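Novice: Before I ask anything, let me first share the structure, which is written out below as structure tokens.
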Amino acid sequence: MRTLKKSECNILHLVLKRKWYDMIDSGEKQEEYRDETPHWERIYRWWMKEGCRPCVVAFQRGYKKPSMWFIVDGISNSDVSVNPDWGEPNHPHHILFLGERVEVS
């Protein structure tokens with residue numbers, strides 16, 4: 001597993017419920033959905049222009065310390081189809097596509 005320094009990447013911290021955390025941890029779920037809100041619209045626009053530094057998402061189960069770190073391969077808007085078991089297909093959202101699992105120090 002590759003290790004990145006915190007100073008080398010942009011880190012996005014997300015809190016997940018146990019079900020979603022465990023699915024990502026097992027590799028079953030390789031994307032994370034977030035409602036299309038002004039906050040996520042700003043993150044999406046920032047992602048589209050930032051590109052040069054890796055963006056890493058730090059997942060934590062509940063409000064514990066982050067324990068899973070993934071490179072974000074991309075963020076899309078709701079034009080991409082959604083797995084109906086994980087999100088509402090007719091609800092506007094953003095999708096974070098998870099890439100390589102990494103360590104951050």
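Novice: Looking only at the range 10-40, which residues are in a helix (DSSP H, G or I) and surrounded by 13 or more Cβ atoms within 10 Å (Cβ to Cβ)? Walk me through it before giving the result.
Specialist: Residues of the range 10-40 that are in a helix (DSSP H, G or I), as a first pass: 18-26, 38-40.
Listed by number, the residues that qualify are 20, 21, 22, 23, 24, 25, 40.
Novice: Test residue 46 against the criterion of being at pLDDT below 85 and in a loop (DSSP other than H, G, I, E, B), and give yes or no.
Specialist: Numbers: at pLDDT below 85: yes; in a loop (DSSP other than H, G, I, E, B): no.
When the stated conditions are applied, residue 46 does not pass them.
Novice: Looking only at residues in the range 49-58 that are within 13 Å of residue 74 (Cβ to Cβ) and surrounded by 15 or more Cβ atoms within 10 Å (Cβ to Cβ), which one is modelled with the highest pLDDT? Walk me through it before giving the result.
Specialist: Pass one, the range 49-58, residues within 13 Å of residue 74 (Cβ to Cβ): 50-51, 54-55, 57.
From what is left, the residues that are surrounded by 15 or more Cβ atoms within 10 Å (Cβ to Cβ) are 54-55, 57.
Working: 54: 69, 55: 85, 57: 92.
Out of the qualifying residues, it is 57.
Novice: Looking only at residues in the range 60-105 that are outside any loop (DSSP other than H, G, I, E, B) and among the β-branched types (Val, Ile, Thr), which one is modelled with the highest pLDDT? Talk me through it step by step, then tell me what you get.
Specialist: Taking the range 60-105 first, the residues outside any loop (DSSP other than H, G, I, E, B) are 60-61, 68-76, 93-104.
If we keep only those that are among the β-branched types (Val, Ile, Thr) too, we end up with 71-72, 75, 95, 102, 104.
Values: 71: 93, 72: 91, 75: 83, 95: 86, 102: 96, 104: 92.
It comes out as 102.
Novice: Which residues, taken from the range 24-68, are in contact (Cβ under 8 Å) with a residue 40 or more places away in the chain and of a type in the set (A, V, I, L, M, F, W, C)?
Specialist: Correct list: 24, 40, 43, 55, 56, 57, 58, 59, 68.
The values are calculated or read from the model by the stated rules, or taken from the named source; none is laboratory data. Note that this is a predicted model, so its numbers are computed, not measured. We place every Cβ from the backbone using ideal geometry, glycine too, and count neighbours over all the protein chains shown.
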